[in-house]
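A.B. asks: Following this message is one structure expressed as structure tokens.
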Amino acid sequence: GAVVSQHPSWVICKSGTSVKIECRSLDFQATTMFWYRQFPKQSLMLMATSNEGSKATYEQGVEKDKFLINHASLTLSTLTVTSAHPEDSSFYICSARKAGETQYFGPGTRLLVL
Amino acid sequence: GENVEQHPSTLSVQEGDSAVIKCTYSDSASNYFPWYKQELGKRPQLIIDIRSNVGEKKDQRIAVTLNKTAKHFSLHITETQPEDSAVYFCAANGYGGTSYDKVIFGPGTSLSVIP
């Protein structure tokens with residue numbers, strides 16, 4: 001199998017606080033994980049590529065100081081939304097790449113910033 | 001970088017009819033093209049993928065065709081069923097700085113299958 005989990009599944013926080021989202025590959029090792037953001041009725045927008053043991057590669061327009069990514073092990077990547085604001089409210093989805101190009105997605109984290 | 005376009009944005013078909021979704025990509029070096037199905041509030045699920053060394057791939061009611069010269073690829077769903085209703089995303093791999101390891105998604109097609 002290829003199971004990817006995310007935690008938490010949803011979170012509500014106050015404006016100005018930081019939120020950490022975890023992405024885990026449960027039954028395989030993933031040297032590369034990806035973080036996406038999806039607004040309602042829109043596509044998945046790649047935010048960054050997370051490589052184990054190295055700095056993440058951010059897509060153009062994504063603030064690296066606001067969206068901190070850490071890939072500490074072959075099964076865990078974390079995304080921290082720092083100083084969250086209402087416009088950061090979105091559905092955040094991670095994916096992990098198994099052998100080859102196939103990506104398997106986590107269930108997503110719904111973030112609401114009040 | 002890679003740019004993926006997708007048409008139509010919405011598609012309604014009668015149960016039992018076929019549905020076709022078309023995509024184009026911009027980077028001629030892309031060589032991996034997955035298709036994902038996403039139901040409301042859920043994660044995208046890979047339904048089929050194709051690599052550039054083949055022109056067509058089929059899995060039961062789902063088929064994908066690829067024209068590398070024209071940089072087009074299409075998803076075909078035959079004998080549609082109400083449970084096929086979802087948003088479908090095409091995608092292509094793009095250059096991530098060291099290799100073609102990232103996947104860029106098209107804007108999606110909302111498919112409704114009418115019983």
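The values are calculated or read from the model by the stated rules, or taken from the named source; none is laboratory data. Note that the structure is predicted; figures quoted are calculated from it, not measured. Every residue, glycine among them, receives a Cβ derived from its backbone with ideal geometry; neighbour counts consider all protein chains shown. We work out accessible area using only protein heavy atoms, side chains counted, and drop any ligands, DNA or RNA first. Shrake-Rupley method; radii C 1.70, N 1.55, O 1.52, S 1.80 Å.
A.B. asks: From the list B:V64, B:V20, pick out the single residue that is buried (at least 18 other Cβ atoms within 10 Å of the Cβ) and more than 14 Å from chain A (Cβ to nearest Cβ). Lay out the reasoning, then the answer.
C.D. replies: Numbers: B:V20 fails: buried (at least 18 other Cβ atoms within 10 Å of the Cβ).
On inspection, the qualifying residue turns out to be B:V64.
A.B. asks: Checking the structure you have, find out if any residue of region B:79-88 is surrounded by 13 or more Cβ atoms within 10 Å (Cβ to Cβ), closer than 15 Å to B:A19 by Cβ and of a type in the set (D, E). First the steps, then the outcome.
C.D. replies: The initial filter retains those residues of region B:79-88 that are surrounded by 13 or more Cβ atoms within 10 Å (Cβ to Cβ), namely B:80, B:84-88.
Those left that are additionally closer than 15 Å to B:A19 by Cβ: B:80, B:84-88.
Narrowing the set further to residues that are of a type in the set (D, E) leaves B:84.
Yes: one or more hits.
A.B. asks: Tell me, which strands (runs of 3 or more DSSP E) wholly within region B:4-81 include 1 or more residues that are in contact with a Lys or Arg (Cβ under 6 Å, 6 or more places away or on another chain)? If you could, list the steps in order and put the result at the bottom.
C.D. replies: Working: elements: B:4-7, B:10-14, B:19-25, B:32-38, B:45-51, B:56-59, B:62-67, B:72-77.
So the answer is B:4-7, B:19-25, B:32-38, B:45-51, B:62-67, B:72-77.
A.B. asks: Return a yes/no flag: does region A:36-52 have any residue that is open to solvent by 50 Å² or more (accessible area, probe 1.4 Å), of a type in the set (F, W, Y), within 14 Å of chain B (Cβ to nearest Cβ) and part of a strand (DSSP E or B).
C.D. replies: no
A.B. asks: Does A:Q60 satisfy the criteria of being open to solvent by less than 70 Å² (accessible area, probe 1.4 Å) and either within 12 Å of chain B (Cβ to nearest Cβ) or out of contact with any strand residue (DSSP E or B) (no Cβ under 6 Å at 6 or more places or on another chain) (or both)?
C.D. replies: So A:Q60 fails the test.
A.B. asks: Can you pull out every residue in region A:85-114 that is open to solvent by 50 Å² or more (accessible area, probe 1.4 Å), of a type in the set (A, V, I, L, M) and under 16 Å from the mean Cα position of the chain (by Cα)?
C.D. replies: A:L112
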